[in-house]
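A quick write-up on the structure given underneath.
None of the figures in this text is laboratory data; all of them are computed from the coordinates on show. Quantities reported herein were computed from a predicted structural model and do not represent experimental measurements. Cβ sites come from the backbone with ideal geometry, for glycine too, and all protein chains shown count toward neighbours.
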Amino acid sequence: MRSFDPFSLSAQTIAQNVNNGTWRVEDIAEYYLRRVSDIQSVFNSHVGWDRDIAKNELEKQIDFIRAARLAQKHLPLAGVPVAIKDNIMVEGQLVTCGSRLLQGHRAAYDATVIQRLKQAGALILGRTNMDEFGMGSTNEFSVYGPVLNPWNRHHVSGGSSGGSAVAVAADFAPVALGSDTGGSIRQPASFCGIWGLKPSYGRVSRYGLVAYASSLDQIGPMARSSADLALVLSVIGGHDPRDSSSHRHPEGHFPESLSKGPKSLQGQRIAIIKEFMKDGLVAEVREAFLSALEEYKSLGAEIVECSLPEIDLAIPTYYILATAEASSNLARFDGVRYGQRTQKTGVNLRELYMLSRAEGFGREVKQRIMLGTYVLSAGYYEAYYAKANRMRELLKRSINNIFAQGVSLIASPAAPSTAFELGQKTQDSLSMYLSDVYTIAANLAGIPALSHPIGLDSKGLPIGIQLMAPAFQEENLLRSASVYEQHSQWNERNRPRF
């Protein structure tokens, strides 16, 4: 059996070598099965991991890839292992959303993104830990316990897609899928020193994603390079009639755009929002961010400053809208149709609902459901929910106005700090919510945004930058970041050591 070096395999490299017959897909599968089995428990990145079950589930897909190769059919993700966040349906596999309420629940069908990954030859390898129902920024709000950062196990991985971020950062898979409602791909990507992309709202089907806030949720890829992000996005993106929010926007040729695009940033105007540079941004993160902008400038980009006063209201707007939608979406988990039912006897139907939900939901989920129910209640709907919707439209219009002034990209830090210590913010909800201060705007506006690494702080923890682009301009977003990546080669020089 062929041996591989950790961190040496990209999705592009694997697919190319499996398609041309240089590598056997069985060797790839066995390498990653062994690596996940040996190490993942150190970081608690996966949920319910069982090597034998995982191996059995891979056999059918391996046969499909072999048949495609014999037929000389090119598969864009041939033999590429992909880790899947625990809120995306994979037929026959447990889908628990990191919650006690869904323990033992199995998916009855494949999400659209899973169907497309399988058709492209990917190997679905492991389900990753997450904050319960996507509600958290640290991956400490999971029934399975916290996910530990591979750069320092005393620090958080970020959330809610922390398990997927760690799976990629620790090379348990070259790529992973996460979901992003207010930064849940980009913030953990920043904390773990990898790349994460939230596509435009409607670019990737949400069919088969367990909903948190339906007008904000997006599935997206996480990887160690822009090229792998582009490759996965080209597979999972595109219109889906089963998702009413799916757009009929022309499908992008993202890998080709990166390989054939310009190698400089001449003509690109990158805006920084002056309101983002206020108090709360850690000095080391500020310095790394400004240094990265200088590198973008040296590659031909023009850096301009703009003002977005509405951004100060982004967090309250987001937490009103997101919790209101969560209150509605999570009403279906009642212990009767879905989820675990209380074992207490002699209760009426109302008590059954109340006890099942009280026993099944964690503290953070309960807190957000109560907040969402409050803002939707009679007498408060207009004062909070309706007003937040108007504020969202105003913010979206202001962001689009910035782009209309010839700006190609908006840059910001991905998070105000590097990964903080475990337990530091679990009892301070406001402080935790503020860790998403830079990422929320892209979800409210429905625009694409990515995070990529730019440096390390004095503790050796990764620092990320965020880039945002106009809706459905992922090609330019990825291409611009790729030019920086080729210049800096950050991932080639920096890897976690554990």
The range 93-184: chymotrypsin sites (Phe, Trp or Tyr not before Pro) in DSSP coil with no more than 15 other Cβ atoms inside 10 Å: Tyr109
Across Lys263/Lys297; Lys85/Lys198; Lys366/Lys387; Lys198/Lys396; Lys55/Lys118, pairs whose alpha-carbon gap is larger than 19 Å: Lys366/Lys387
Alpha carbon centroid spacing (whole Å) that separates the range 441-498 from the range 100-164: 21 Å
Helix-only [θ]222 nm of the chain, DSSP H runs n ≥ 4, -39500 (n - 2.57) each, per residue, nearest 500: -12000 deg cm²/dmol
Under the Karplus curve 6.51 cos²θ - 1.76 cosθ + 1.60, θ = phi - 60°, whole-Hz ³J(HN,Hα) for the range 124-132, x wherever Gly or Pro sits: 7, 10, x, 10, 9, 5, 7, 4, 3
16 Å reach of a label modelled at Arg497, 7 Å along Cα-to-Cβ, counting backbone N of the range 118-153: 150-153
Burial ranking of peptide ranges 477-485, 235-243 (average Cβ count within 10 Å, highest at the top): 477-485, 235-243
Projected label distance in nm at Gln367 and Arg337, using a 7 Å step from Cα toward the beta-carbon: 2.9 nm
Burial ordering of Arg100, Arg493, Arg51, fewest other beta-carbon atoms within 10 Å first: Arg493, Arg51, Arg100
